[in-house]
Ligand SMILES: NC(=O)c1ccc[n+]([C@@H]2O[C@H](COP(=O)([O-])OP(=O)(O)OC[C@H]3O[C@@H](n4cnc5c(N)ncnc54)[C@H](OP(=O)(O)O)[C@@H]3O)[C@@H](O)[C@H]2O)c1
């Protein structure tokens, strides 16, 4: 409820407060993934996945890893689609993804990457699930200094699990 996407120890245990979903209800995640043709992920998010023994679960999608650490690529493993590392401004990364013909890019986390993309005005849609708890500390959904105000319009709103809400906002016309 306070915009945190992990707690101060990088734990996602607070998601348990959402309560059980109906069987097979993943909040539309599988359907969303089917609409995606490229992914950008931050080092913090990938490290969290690697620590949990998951590696990179989306090797079927061309992925741009934003990190200063070359060794992280090897830790993520390999799959059918390319996984490349980039660093510095995300603007040339978006230009490269566009030039490759990708239309719908998923910002898979974390808050630092989402914040930088929003600061560049490269976020067209925000799909967020709000758990019924204030976490208090930890990375924020858009975690960047000096973020300019960006206006969105509500496109969808539904209940998820016992007490959570799933919202979809689309960028207001520029
Ligand atoms: N609740 C959810 O649905 C959800 C979703 C995704 C993630 N998460 C959680 O969010 C946390 C991670 O979020 P976060 O905001 O801390 O990290 P993040 O956005 O995943 O990654 C930030 C890191 O990426 C690297 N980086 C960022 N911008 C860069 C740039 N322009 N050039 C080069 N490297 C750059 C830096 O690491 P290096 O310099 O070390 O490479 C930076 O510390 C994890 O706990 C994860 O589990 C939660």
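The values are calculated or read from the model by the stated rules, or taken from the named source; none is laboratory data. These figures come from a predicted structure and were not determined experimentally. Note that each Cβ is placed from the backbone with ideal geometry, even for glycine, and that neighbours are counted across all protein chains shown.
Details
- Of the set (1) near the ligand (Cβ under 10 Å from one of its atoms); (2) surrounded by 15 or more Cβ atoms within 10 Å (Cβ to Cβ), all apply to residue 61 but (1).
- If only residues of region 85-121 that are surrounded by fewer than 17 Cβ atoms within 10 Å (Cβ to Cβ) and in contact with a helix residue (DSSP H, G or I) (Cβ under 7 Å, 6 or more places away or on another chain) are counted, the one that is nearest to residue 150 (Cα to Cα) is 120.
- Single unsatisfied condition, residue 55 versus (1) more than 20 Å from residue 6 (Cα to Cα); (2) more than 11 Å from the ligand (Cβ to nearest atom): (1)
- Across region 1-35, the number of residues qualifying as part of a loop (DSSP other than H, G, I, E, B), within 11 Å of the ligand (Cβ to nearest atom) and either loosely packed, with under 12 Cβ neighbours inside 10 Å or modelled with pLDDT of 90 or more (or both) comes to 9.
- Picking from residues in region 64-82 that are near the ligand (Cβ under 8 Å from one of its atoms) and surrounded by fewer than 16 Cβ atoms within 10 Å (Cβ to Cβ), the one that is farthest from residue 94 (Cα to Cα) is 69.
- Checking 69, 78, 87 one by one, the residue that is in contact with a strand residue (DSSP E or B) (Cβ under 9 Å, 6 or more places away or on another chain) and free of Cβ contacts under 8 Å to residues at least 24 places away in the same chain is 87 and no other.
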